[in-house]
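> Could you have a look at this structure, given as structure tokens, before my questions?
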Amino acid sequence: MSIKKLPVVIVLVIGSIIMIFPILSLLGASFKTHTLVFTGGIIPQHPTLKNYATIFSSNIPLLRWILNSISVSIIASLIVVVIDSLAAYSLAKLKFAGRNVIFYVIVSSLMIPPIATLIPMYLEFSSANLLNTYWVLVLPYSANAFGIFLLYQFYLGIPDELVDAAKVDGSSKFRTWISIFVPLSTASLATLGLLTFMNVYNDFFWPLVSTNSNGMRTVTVGVALTAIGQYTTNYAELMALTFCSIIPMLLAFIFAQRKLTQGISTTGFNL
Amino acid sequence: MHSGCTQHWGDNMAEYNSGLATLHQPIPTRKRSFKVAVLDNLGSFSFTVPYLVAFILFAAIPVIFGLYVSLHDWNPVTGAGQFTGLSNYLQLFNSSTLAGHDFLIGLRNVVLFTVISVPFLVGIPTVVSYLIYCGPWKGLFRAIFFFPSVLSVTAITTVWSWILATQGGLLSSLFGIQLPWLTQQPFAWISIDATTEWWSMGFNIVILYAGLTQIPTSLFEASRIDGASPLRIYFSIVIPQLRNIISVVTVLGTIASFNLFAQSYLMTSGGPGSSTEPLTMFIYNQAFNEMKMGSATAMAFLMGIIIMIISFIQYRVARDRG
């Protein structure tokens, strides 16, 4: 590292502290007692697990919320990855009448702002009597046009010779998809899956309006409503609750940060 | 899927037959029976069916049904009421009606938020991504700046509400800065803006950084040999080369800012007064507290149209400048 780079490093380090400090102080505060939550810096002098114990023995179904969020996000991501990959494969590599029309209709749906479809979708699920179920928390995310676009671009780049060779070998279209296109695109599929997982796990507006019982809440909504309601005065417990709520995303970040950033980079290039 | 599998045999047979045919005839005719062609088309199409079902149910129907709802009085419990024509839309342009008044305030608030937040959301990441590009430990710094983006809006607003709390907040207890961050203007907007920047800046840094790595390094080397200062390189190489990505980030940032909801809902409840209440929150109240689904959908559609127009103009401006 040359001396000329020192100012750059200093600025980046200050920036990094600003980025990380709030979460570290959250973690620190979650181990403090209620009365000491604002004193003595971010490292607790007398760390205690009392806040966590209180939360898990209270009537807040935190574990249920986290499990709701995780299962809903995983199922939605799997659905998106499978159906988007199938459709993108067909749109990019198979020829059929109306293919271009379908592709342009799907891509232009990227412009529809989510707010415009939110209320009609709520009424749709309401008339199907599916509000406040896992269906309503999973299904709306399956119409993911971004994934189609992402995989379409990738599949276009796979040479036609591979498809033709598979065809000559007598492999069916489905077989070609599963034995050539899926293996070649695992990186893109994983990226799409992760981005979908993150979006669904962190979504706020839709789970807020589409669920109404405590047991069906996702963790983002559940914690938010608890925070507004009963914990506004006890910051230490609120911090412990919040920290628990972000553990799954922290793990995803630690293990898949590279994939996530890759996916987001491609977002920028594709649009 | 099954139909895709089985019908393919027919497809193969057709290929095989036409292959045989070409062996016997000097001029290849590529004649396939109509039935085989239809089946082949259907087989290829069948791969899109699972997605298309989702698309129709959760994108197409909501748009069409929403248009229908917006032309009616619509109660979520009793369902469709009277057909009201365009009056749900027309009232939004008349600020003497309640909905029009709300729409105007919400629009004004969200435009104010967007105008303040987007320059920071684009400006700071352009600089930071360039610093990361120039400095050491690129992967580490990129990861750190990206980190808040993976957190939920609940988590980040909880943390920042605690940091900013006037009585006993972290800022007031650690640094003695006691200001009504969440309860008075302009502090309420500053808080919501700053929290949003902190939360979503990393997303743009990642995109812009990826753009920087696409710039040919020879450009940087050439200008360094010519003795250009880092500042000069930034303005005459980095910014022009990143123009496309900067415009993408600007459009995405504008759309996201226009959709502001949870930060206001959770940090200030739209207050003080309704000065931080964005359009989305008025729509939410109209639909789920006032139970006026028709009028709320009309508001959402008009908001959607406004977003589309703004994005379109931004794209055009960015394109024409280049």
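> Check whether at least one residue in the range A:19-36 is more than 22 Å from A:A252 (Cα to Cα), over 19 Å from the mean Cα position of the chain (by Cα), open to solvent by 50 Å² or more (accessible area, probe 1.4 Å) and at pLDDT 85 or above, and report yes or no. Don't jump to the end; show me each part of the working.
Taking the range A:19-36 and keeping what is more than 22 Å from A:A252 (Cα to Cα), we get A:29, A:31-36.
Going one step further and asking which of them are over 19 Å from the mean Cα position of the chain (by Cα), we end up with A:29, A:31-36.
After this cut, where a residue has to be open to solvent by 50 Å² or more (accessible area, probe 1.4 Å) as well, the list is A:31, A:34-36.
Applying the additional criterion that residues be at pLDDT 85 or above yields A:31.
Among the residues of the range A:19-36, at least one is more than 22 Å from A:A252 (Cα to Cα), over 19 Å from the mean Cα position of the chain (by Cα), open to solvent by 50 Å² or more (accessible area, probe 1.4 Å) and at pLDDT 85 or above, which makes the answer yes.
> Of A:S90, A:S142, A:S127, which residue is polar (S, T, N, Q), over 26 Å from B:S152 (Cα atoms) and touching a helix residue (DSSP H, G or I) at 6+ places or on another chain (Cβ under 8 Å)?
Criteria check complete, one pass: A:S90.
> Continuing with the same structure: Considering each of B:T276, B:T297 in turn, give the residue that is in contact (Cβ under 8 Å) with a residue 60 or more places away in the chain, surrounded by 24 or more Cβ atoms within 10 Å (Cβ to Cβ), within 21 Å of the chain's Cα centre (by Cα) and over 20 Å from B:T97 (Cβ atoms). Reasoning before the result, please.
Numbers: B:T297 fails: over 20 Å from B:T97 (Cβ atoms).
Answer to the selection: B:T276.
> Conditions first: (1) assigned to a helix (DSSP H, G or I); (2) open to solvent by 30 Å² or more (accessible area, probe 1.4 Å); (3) closer than 16 Å to B:Q263 by Cα. B:R232 passes all but one, so which condition is the exception?
It fails just one condition, (3).
> Right, here's the next one. Are there any pairs with C-beta distances below 9 angstrom linking a residue in the range B:168-196 that is at positive phi to a residue that is at pLDDT below 85 and not aliphatic (A, V, I, L, M), with the two at least 6 apart or on different chains, and if so which?
B:G168/A:F38; B:G168/A:Y235
> While we're on this one: Out of the residues in the range A:72-126 that are over 20 Å from B:F45 (Cβ atoms) and at pLDDT below 90, which is farthest from the other protein chains (Cβ to nearest Cβ)?
In this case the residue turns out to be A:L110.
> Which of the residues spanning the range A:146-168 are in contact with an Asp or Glu (Cβ under 9 Å, 6 or more places away or on another chain) and open to solvent by less than 20 Å² (accessible area, probe 1.4 Å)?
Passing the criteria: A:G147, A:I148, A:L150, A:L151.
> Please determine whether any residue of the range A:246-257 is in a helix (DSSP H, G or I), in contact with a Ser or Thr (Cβ under 6 Å, 6 or more places away or on another chain) and touching a residue at least 60 places away in the same chain (Cβ under 8 Å).
First pass over the range A:246-257, keeping only residues in a helix (DSSP H, G or I): A:246-257.
This time we only want the ones that are in contact with a Ser or Thr (Cβ under 6 Å, 6 or more places away or on another chain), so: none.
Checked the range A:246-257: no residue is in a helix (DSSP H, G or I), in contact with a Ser or Thr (Cβ under 6 Å, 6 or more places away or on another chain) and touching a residue at least 60 places away in the same chain (Cβ under 8 Å).
> Looking at the range A:127-143, which of its residues are in a helix (DSSP H, G or I) and either within 7 Å of chain B (Cβ to nearest Cβ) or open to solvent by less than 30 Å² (accessible area, probe 1.4 Å) (or both)?
So in the range A:127-143, the residues in a helix (DSSP H, G or I) come out as A:127, A:134-142.
Selection gives A:V136, A:L137, A:V138, A:L139, A:P140, A:S142.
> Here's a follow-up. If you go through the range B:279-294, how many residues are assigned to a helix (DSSP H, G or I) and open to solvent by 20 Å² or more (accessible area, probe 1.4 Å)?
Within the range B:279-294, the subset assigned to a helix (DSSP H, G or I) is B:279-288, B:293-294.
Among the residues that remain, those that are also open to solvent by 20 Å² or more (accessible area, probe 1.4 Å) are: B:284-285, B:288.
Result for the range B:279-294: 3.
> Hey, another quick one. Scan the range B:51-95 for residues that are open to solvent by 30 Å² or more (accessible area, probe 1.4 Å), closer than 26 Å to A:V80 by Cβ and not aliphatic (A, V, I, L, M) and report the count.
Here the count works out to 1.
> Also: Whether any residue in the range B:97-120 is over 27 Å from the mean Cα position of the chain (by Cα) and either open to solvent by 60 Å² or more (accessible area, probe 1.4 Å) or not basic (K, R) (or both) is what I want to check.
Going through the range B:97-120, the residues over 27 Å from the mean Cα position of the chain (by Cα) turn out to be B:97-98.
Now drop any that are not either open to solvent by 60 Å² or more (accessible area, probe 1.4 Å) or not basic (K, R) (or both), which leaves B:97-98.
Yes, the range B:97-120 contains a residue that is over 27 Å from the mean Cα position of the chain (by Cα) and either open to solvent by 60 Å² or more (accessible area, probe 1.4 Å) or not basic (K, R) (or both).
> I need a count of the residues in the range B:176-202 that are modelled with pLDDT under 90 and assigned to a helix (DSSP H, G or I).
0
> Suppose we filter A:T196, A:T191, A:T211, A:T226 for residues that are surrounded by 23 or more Cβ atoms within 10 Å (Cβ to Cβ) and farther than 30 Å from A:N100 by Cβ; which single one remains?
Numbers: A:T196 fails: farther than 30 Å from A:N100 by Cβ; A:T191 fails: farther than 30 Å from A:N100 by Cβ; A:T211 fails: surrounded by 23 or more Cβ atoms within 10 Å (Cβ to Cβ).
Just a single option satisfies the conditions, and that option is A:T226.
> List the pairs whose first member sits in the range A:89-114 and is closer than 23 Å to A:L189 by Cα and open to solvent by 40 Å² or more (accessible area, probe 1.4 Å), whose second member is modelled with pLDDT of 90 or more and not in a helix (DSSP H, G or I), and whose Cβ atoms are under 9 Å apart, counting only residues at least 6 apart or on separate chains?
Close Cβ pairs (under 9 Å, with a partner that is modelled with pLDDT of 90 or more and not in a helix (DSSP H, G or I)) amount to A:R99/B:T48.
> Could you say whether any residue in the range A:169-178 is open to solvent by 30 Å² or more (accessible area, probe 1.4 Å), at the interface with another protein chain (Cβ under 8 Å from one of its Cβ atoms) and part of a helix (DSSP H, G or I)?
Yes, the range A:169-178 has at least one match.
> Can you tell me which residues in the range A:63-88 are farther than 22 Å from A:V221 by Cα, surrounded by fewer than 19 Cβ atoms within 10 Å (Cβ to Cβ) and in contact (Cβ under 8 Å) with a residue 60 or more places away in the chain? Working first, answer last.
Start the filter on the range A:63-88 by keeping residues that are farther than 22 Å from A:V221 by Cα, which leaves A:78-88.
Filter once more, so that each one left must be surrounded by fewer than 19 Cβ atoms within 10 Å (Cβ to Cβ): A:78, A:82.
Listed by number, the list holds a single entry, A:L78.
> Right, next: Given B:G211, B:G271, which one is more than 22 Å from A:P113 (Cβ to Cβ) and within 9 Å of chain A (Cβ to nearest Cβ)? Step through it out loud before you land on a result.
Values: B:G271 fails: within 9 Å of chain A (Cβ to nearest Cβ).
So the residue among B:G211, B:G271 that is more than 22 Å from A:P113 (Cβ to Cβ) and within 9 Å of chain A (Cβ to nearest Cβ) is B:G211.
> Can you tell me how many residues within the range B:136-172 are facing chain A (nearest Cβ under 7 Å) and either open to solvent by 50 Å² or more (accessible area, probe 1.4 Å) or outside any helix (DSSP H, G or I) (or both)?
Residues that pass the stated criteria total 4.
> Within the range B:235-270, count every residue that is farther than 29 Å from B:I313 by Cβ, open to solvent by less than 50 Å² (accessible area, probe 1.4 Å) and in a loop (DSSP other than H, G, I, E, B). Break it down stepwise before answering.
Initially, the range B:235-270 is screened for residues farther than 29 Å from B:I313 by Cβ, giving B:266-269.
Adding the requirement that they be open to solvent by less than 50 Å² (accessible area, probe 1.4 Å) leaves B:266-268.
Those left that are additionally in a loop (DSSP other than H, G, I, E, B): B:268.
Result for the range B:235-270: 1.
Here's the yes/no breakdown for (1) assigned to a strand (DSSP E or B); (2) of a type in the set (K, R); (3) out of contact with any Phe, Trp or Tyr (no Cβ under 9 Å at 6 or more places or on another chain):
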{"site": "B:A80", "(1), (2), (3)": "yes, no, no"}
{"site": "B:H101", "(1), (2), (3)": "no, no, yes"}
{"site": "B:I105", "(1), (2), (3)": "no, no, no"}
{"site": "B:R108", "(1), (2), (3)": "no, yes, yes"}
{"site": "B:L112", "(1), (2), (3)": "no, no, no"}
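The values are calculated or read from the model by the stated rules, or taken from the named source; none is laboratory data. All values derive from a computational prediction rather than experimental measurement. Using ideal geometry, Cβ is built from the backbone for each residue, glycine included, and neighbour counts are taken over all protein chains shown. Remember, those area values only see protein heavy atoms, side chains included, never the ligands or the DNA or RNA. Shrake-Rupley method; radii C 1.70, N 1.55, O 1.52, S 1.80 Å.
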